[in-house]
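The values are calculated or read from the model by the stated rules, or taken from the named source; none is laboratory data. Here the structure is a predicted model, which is why all the values come from computation and not from measurement. Methodologically, a virtual Cβ is constructed for each residue, glycine included, from the backbone with ideal geometry; neighbour enumeration extends over all protein chains shown.
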Amino acid sequence: MKKLFGKIKDFVKSRPKTSIVILIVFIAVFSYANVEVMHYTSEPGFCEMCHPGTGTGALSEVHTWRQNIHSEAGVKCLDCHGEPGLFGYKKAKISGLYDTYVEIFRSEEYKLKILNKAVEDPQYAADLVPSTTCLFCHTDSVNQQIRDERLMAGWVNLRMLDSVENPDFREEKGMSDIFTDELESDVDPGHQRHMEAGLSCMDCHHRMVHGGEYRAQVDLARCSECHSERAAEISMSEIIMGEGDAAVEFSHDFHNMIFDCNQCHMDLFPMNAGVTSLNFGDHTEDTACFSCHNGQAASYDCNSCHGQPPMPEEPITYTMDGFDPVDFNHSFHGMAFSCDTCHDDPWTMKAYETPMTMSQMYQGEFCGSCHNGQDAFAATSCNRCHN
Ligand code: HEC
Ligand code: HEC
Ligand code: HEC
Ligand code: HEC
Ligand code: HEC
Ligand code: HEC
Ligand code: HEC
Ligand code: HEC
Ligand code: HEC
Ligand code: HEC
Ligand code: HEC
């Protein structure tokens, strides 16, 4: 017996750090059934012993969590790093034992190598924290489904997760149901649609908790990674802008083959159909569609956007003092001539903008360019216009 203690003493003297850890393991293993210890070893402060870093990389998980909205809301490590249900909790505790083993017997490089996997690879991160865990808190449907299927451990109150019951929890925290509620954000990609297509939260929200931000915005470059590169496979519905003759169909599918999402969003357009409205005056400005469709970078052919260019149906009526008014009809002129015969030179597409006089017309300007007695009746046939 004495011999054995001597050996232990020698070992402790030569490797004090390791011995302390072994002691902790020893105690942990023996009292594992004890709820108090479970509690203690689940607290962020305990995790911090081996995850003590600062900054945003591997080992800084406790530090970054403290800066995140989840910590403010009381969501702790094992609420995410342990699946919902009693079994999920147990599994997390057992993997904690494995962590301890690695801490003692493997090198620091090895530890960092493992931790960096989740930092660098969204796919790996998605396996580490399955989407169902996030959905358990952030939706009603998945919460109810899991509660029906699994044995929950709410009664011992080991962590927040197992006592989460939606919609009560959501309402208490003022959170939306990401499947059924419209998001307040300018960007709403449709969560349910993406989850049904087999995505994970990490495809868009990677580093959301441990990236060092309180509330991380999704980087739109992430959308492009899938949508622009796989535009041929992932079909998005057409956007219809405007109504009637002026209605314009905008095809994401087509444009996404050429452009990344952030070349249009959010500078040129919001990610929200029906917000942008354009009149003809905008067509010649360097905005919206026309920052490209200016006849150089992309076509400015009315018909390629407008199935039928919107023409005023009613005549444009010019009134003047002391003389009869003149009706100008697009119904005739717009059919007989292409729009660019008259637009935007000499006329912009806005009624009553261009000042005109008869003397200019007699000299072959404006209406007189055609109404010269050859191409059309002459500008001196007063009553054919003034009626
Ligand atoms: C709201 C959920 C959530 C909470 C709370 C949370 N994590 Fe994480 N954790 C994640 C996700 C998701 C990942 C996957 C990598 C990523 O996206 O950053 C992750 C990754 C990790 C990793 C892998 C290495 C790394 O840096 O990515 C460690 C270690 C970790 N978390 C520890 C902790 C500790 C310790 C706490 C408590 C102080 C904690 N986590 C709290 C969600 C959470
Ligand atoms: C005794 C030291 C120690 C303690 C305490 C500790 N960890 Fe770890 N943890 C490690 C080591 C070492 C690794 C890397 C090797 C591995 O995967 O086990 C790790 C890895 C992780 C990972 C990433 C696993 C992966 O596969 O990428 C998560 C998540 C994690 N720890 C969470 C926690 C949480 C949460 C706590 C507190 C409840 C905690 N750890 C407490 C040592 C520890
Ligand atoms: C235990 C329940 C719980 C789990 C598990 C959980 N969250 Fe949360 N989440 C919350 C709470 C509570 C908030 C804070 C809501 C608030 O204060 O607006 C929050 C906030 C967020 C926000 C910020 C919301 C905003 O208003 O900007 C995002 C994004 C988010 N969670 C995503 C995730 C992801 C992704 C996961 C899985 C890795 C996850 N959450 C896991 C409860 C949870
Ligand atoms: C296709 C990309 C994508 C996927 C996948 C995705 N999200 Fe989101 N999520 C977004 C975008 C974009 C926003 C809104 C803008 C922002 O926060 O940057 C958002 C917002 C949120 C919000 C804030 C809701 C609010 O009311 O403002 C929560 C919570 C959230 N996501 C949770 C999740 C969870 C949990 C998952 C996995 C089940 C998930 N998201 C998967 C892109 C995604
Ligand atoms: C990992 C790949 C991936 C990422 C990242 C991604 N998406 Fe998607 N998205 C898809 C897939 C796949 C579909 C098709 C779903 C289906 O078939 O219903 C889709 C569908 C859509 C649709 C529905 C199209 C429609 O009209 O029905 C919209 C809108 C959309 N994504 C927007 C976004 C936004 C915004 C982001 C970034 C915040 C984003 N996506 C990020 C893969 C992705
Ligand atoms: C790149 C596509 C594109 C091209 C090319 C284009 N337009 Fe448009 N036009 C639009 C869009 C988009 C709107 C806005 C529809 C809405 O929101 O009501 C619009 C609106 C208009 C309007 C205003 C309609 C209203 O109800 O206020 C007129 C007039 C118009 N276009 C005429 C033309 C004519 C004429 C041409 C050719 C010289 C032309 N457009 C070329 C996309 C285009
Ligand atoms: C060439 C420009 C352009 C590109 C590139 C583009 N969009 Fe759009 N997007 C638009 C326009 C225009 C609208 C409608 C805006 C409006 O009506 O105010 C729109 C609307 C949206 C909406 C809202 C849809 C709805 O139903 O409310 C989403 C989501 C969206 N885009 C996602 C994306 C994603 C993801 C990408 C990259 C894969 C992308 N967009 C690339 C021009 C573009
Ligand atoms: C970032 C530049 C850019 C923006 C912004 C843009 N387009 Fe385009 N668009 C192009 C290019 C490039 C082509 C292909 C070359 C061409 O047709 O001139 C194209 C082609 C088209 C076509 C013909 C191909 C098809 O889909 O059948 C239509 C219609 C069109 N765009 C409509 C629009 C409308 C409407 C808007 C605004 C809501 C818009 N575009 C915004 C660059 C852009
Ligand atoms: C023969 C010449 C001519 C042709 C061809 C023509 N327009 Fe016009 N348009 C005019 C004149 C003149 C005005 C009024 C300008 C003014 O009063 O300053 C006008 C005004 C307009 C307006 C503004 C209406 C308003 O209420 O502000 C629109 C829209 C318009 N034209 C569309 C078209 C379209 C689309 C075409 C082709 C299909 C077309 N026009 C062809 C001469 C023409
Ligand atoms: C591009 C040539 C062209 C221009 C510019 C033009 N017209 Fe005409 N217009 C014609 C032709 C051709 C006819 C039919 C032949 C005829 O009756 O001599 C016509 C017919 C008419 C008619 C009789 C049919 C009807 O629509 O009631 C009126 C009135 C008229 N034009 C008014 C005008 C006025 C006002 C302007 C200037 C604002 C104008 N036109 C500019 C070519 C033109
Ligand atoms: C091709 C159609 C057309 C014919 C023919 C025509 N007018 Fe005009 N007239 C116009 C238009 C268009 C205006 C400009 C209205 C405005 O800008 O408010 C105008 C303006 C006028 C004006 C007020 C502006 C000015 O120049 O003083 C007078 C006066 C006038 N016309 C007299 C005549 C007389 C007299 C004749 C015959 C000798 C005649 N017009 C023939 C279309 C016509």
If the requirement is being more than 10 Å from ligand 5 (Cβ to nearest atom), in contact (Cβ under 8 Å) with a residue 24 or more places away in the chain and not β-branched (Val, Ile, Thr), which of these qualifies: Phe254, Phe259, Phe269? Phe259
Within the stretch 93-100, identify whether any single residue is polar (S, T, N, Q) and modelled with pLDDT of 95 or more, and answer yes or no. no
Of all residues in the stretch 244-275 being under 17 Å from the mean Cα position of the chain (by Cα) and polar (S, T, N, Q), the one that is farthest from ligand 8 (Cβ to nearest atom): Asn272
What's the number of the condition Ile316 fails, among (1) within 14 Å of ligand 6 (Cβ to nearest atom); (2) without any contact (Cβ under 8 Å) to a residue 24 or more places away in the chain? (2)
Go through the stretch 348-382 and give me each residue that's assigned to a helix (DSSP H, G or I), exposed (fewer than 15 other Cβ atoms within 10 Å of the Cβ) and without any contact (Cβ under 8 Å) to a residue 12 or more places away in the chain. Ser359, Cys382
Evaluation of Leu151 against (1) in contact (Cβ under 8 Å) with a residue 12 or more places away in the chain; (2) at positive phi (one fails), failing number: (2)
Being modelled with pLDDT under 95, more than 10 Å from ligand 10 (Cβ to nearest atom), closer than 25 Å to Phe290 by Cα and loosely packed, with under 12 Cβ neighbours inside 10 Å: is that true of Asp345 here? yes
Surrounded by 13 or more Cβ atoms within 10 Å (Cβ to Cβ), closer than 30 Å to Met358 by Cα and more than 12 Å from ligand 9 (Cβ to nearest atom) - does that describe any residue in the stretch 270-278? no
Residues located in the stretch 191-202, provided they are under 12 Å from the mean Cα position of the chain (by Cα) and either outside the structural domain of Asn68 (by TED's automatic domain parsing) or within 11 Å of ligand 1 (Cβ to nearest atom) (or both): Cys201
Enumeration of residues in the stretch 171-224 that are β-branched (Val, Ile, Thr) and either at pLDDT 95 or above or buried (at least 18 other Cβ atoms within 10 Å of the Cβ) (or both): Ile178, Thr180, Val209
Quick one: count up the residues across the stretch 67-86 that are outside any loop (DSSP other than H, G, I, E, B) and surrounded by 14 or more Cβ atoms within 10 Å (Cβ to Cβ). 8
